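The values are calculated or read from the model by the stated rules, or taken from the named source; none is laboratory data. These numbers were taken from a predicted model, which means no experiment stands behind them. When we count neighbours, we look across all protein chains shown, and the Cβ atoms used for this are built from the backbone with ideal geometry, even at glycine. To get the accessible areas, we keep the full protein, side chains included, count just its heavy atoms, and leave off ligands, DNA and RNA. Shrake-Rupley method; radii C 1.70, N 1.55, O 1.52, S 1.80 Å.
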Amino acid sequence: MPRSRLVAPVLGLALVVAGCATVPPESDPEARAEYFERNDPLEPLNRAVFAVNEAFDHLLFRPAAEAYRIFVPRPVRTGIGNVLDNLLVPKTAANQLLQGRADEAAASAARFIINSTLGVLGIFDVASEMGIEPRFEDFGQTLAVWAGTTNGGPYLVLPILGPSNLRDTFALPIDVAMDPWTWIGQGDQVRALRTGRTVTQAIDTREQFIEAGDALRAQSLDFYAALRSVYQQRRERDIRNEGRPQVRRFFDER
Amino acid sequence: MRLHRRGLVAGLAGVLLLAPTARANTPEAAAAFIESRGTALKEVLDSDTPLAEKRERMAEILREAVDVRGVAQFVLGRHWRTASEAERAEYLRLFEATLIRNLSARFGELRGLRFTVSRSQPRGEEGVLVTTMVEQPGQAPVQLDWLVSFASGRPLIVDLVAEGTSLRITQRSEYSAVIQRGGGRVGALLDAMRQQLSALEQRELAQK
């Protein structure tokens, strides 16, 4: 028995060591610069996880997202998406506060109150009509602001969850703990609601990424490397709050 | 004293030389440039000319508006210097062909696009970033930012930023990955590009 208990960690360690890309020598400064810009010392391991994730996406997530688009009419999807977005606002406000942006946190609080009441539990995005535009923050971004750098450490591909890095992976459980919906209420029904939210969130996110994902895949010579670069650039933009506010969802075709 | 005067003369000469380009080198000029090239491209995309002719007309607009060689060189990065003359020539040919085929393989989807230039801001040495909102019927608008450089004396597009993602940075990281996985050979990239090009040609023929 002790032997089999040993096998898994040893195998895991061997995989990690074998999965490490080597740093180019000092004599090749350009290759070194490229290595650090890529920021992916665990690349072989990441590529293996990525391949598994791709299979899951192909067999499960993309078909689910497509079915969602086909069977659920657009106005209903918009309403569901608005509810999901609204549930993210309290956590956003907390992170804005932690990042020292009190005015933005106040706007988020106002947004949440307006959309939860006038907007009927968040179905209608009344706040945007009133000029309070949606913004989203997570604890990974807060850590980046505290650290004063957009560099999140080595790139990581997490099973199922996909692209991440050391900072964002570390922030993930804290982010979940910071979300008030993790703690409010109890019992089977609440637990079912929580699971429902997670599943719907996953499908909704994938549905919005159908075209962009297909286009990126079709155009790229190396989809893994393309997605890694996109993730790193997007996170940097989100941390600096340089992007325009989240794209609005509309009930009608436009 | 003499040094001082020489400096003054040189400075004046510099100002006189720079004056005409400085005037054309404004955010307004860049915005007008994107507006006119975008309109020209839209005309081609919406036209009913046969596919091959449509592709050729679009290619003409792109060659004139985009710094294809400069972008190609940026994307290949440090491998440009180690590449042989023949590899460079083949790479440039494939790069331009891929750029054009990537669009022509999607002519169907690109019909009926609407775009508006919303903002134009200087980006220091790099040039001017022109923001456009592009709308496809029935889909959410997409923000595309065009980096316009005046380094050559006339406006040229050097980068396209889609919702915060720079195309040339993404492509550079991708191409370097292909070269690295191909054992550091530029030839490995050229093979992959050739394959992609023929796949795009197939796709272009398949669309209606």
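Measuring spread by the Cα atoms of chain B yields a radius of gyration and Dmax of 20.1, 75 Å. Of the residues B:Ile100, B:Leu200, B:Gly182, the one whose Cα sits farthest toward the positive end of the charge dipole of chain B, with +1 on the Cβ of Lys and Arg and -1 on the Cβ of Asp and Glu, is B:Gly182. Counting charges near A:Thr22 (Lys, Arg +1; Asp, Glu -1) among other residues having Cβ under 14 Å from its Cβ returns a value of -3.
Please compute, for peptide A:223-235, the average count of beta-carbon atoms on other protein chains lying within 10 Å of each residue's beta-carbon.
Working: counts 1, 3, 11, 6, 2, 4, 10, 9, 1, 4, 8, 3, 1.
Averaged over the peptide's residues, the number is 5.
Take every pair of alpha-carbon atoms less than 8 Å apart whose residues are at least six positions apart; their mean separation over the length of chain A yields a relative contact order of 23 percent.
For the protein assembly as shown, the solvent-accessible area of protein heavy atoms averages 56 Å² per residue (probe radius 1.4 Å; ligands and nucleic acids excluded). For chain A, leaving out every one of the chymotrypsin sites (Phe, Trp or Tyr not before Pro) that falls in a DSSP loop and has at most 16 other Cβ atoms within 10 Å, the longest unbroken run is A:1-135.
Each Lys and Arg contributes +1 and each Asp and Glu -1, all at the Cβ; summed about the Cα centre of chain B, the dipole is approximately 720 debye. Give a quick list of GluC sites (Glu not before Pro) in the stretch A:192-254 that DSSP marks as loop, anything other than H, G, I, E or B, with at most 16 other Cβ atoms within 10 Å. Of the GluC sites (Glu not before Pro), the ones in loops of the stretch A:192-254 whose Cβ has at most 16 other Cβ atoms within 10 Å are A:Glu242, A:Glu253. Computed per residue of chain B from DSSP H runs no shorter than four, each worth -39500 (n - 2.57), the mean residue ellipticity at 222 nm is -20000 deg cm²/dmol.
State whether the stretch B:88-157 is rounded, prolate or oblate according to the following rule on the C-alpha gyration tensor (a ≥ b ≥ c being the square roots of its eigenvalues): a/c under 1.5 gives rounded; otherwise a/b larger than b/c gives prolate, and the remaining case gives oblate. Here the stretch B:88-157 falls in the oblate category. Using the Cβ of A:Asn115 as centre and a radius below 13 Å, the other residues enclosed give a net charge of -1, where K and R count +1 and D and E count -1.
Farthest toward the positive end of the dipole of chain A, out of A:Asn39, A:Ser220, A:Val52, is the Cα of A:Val52, where the dipole comes from beta carbon charges about the Cα centre. Dipole size of the protein assembly as shown about its Cα centre, with +1 on Lys/Arg Cβ and -1 on Asp/Glu Cβ: approximately 500 debye, rounded to the nearest 20.
Highest GNM mean-square fluctuation among B:Ala188, B:Ala105, B:Ala72, for chain B modelled with Cα contacts below 10 Å: B:Ala188. Sites listed here are chymotrypsin sites (Phe, Trp or Tyr not before Pro) in the stretch B:99-146 whose DSSP assignment is loop and whose Cβ has at most 14 other Cβ atoms within 10 Å, and the list is empty. In a reduced charge model with +1 at each Lys and Arg Cβ and -1 at each Asp and Glu Cβ, chain A shows a dipole moment near 640 debye about its Cα centre.
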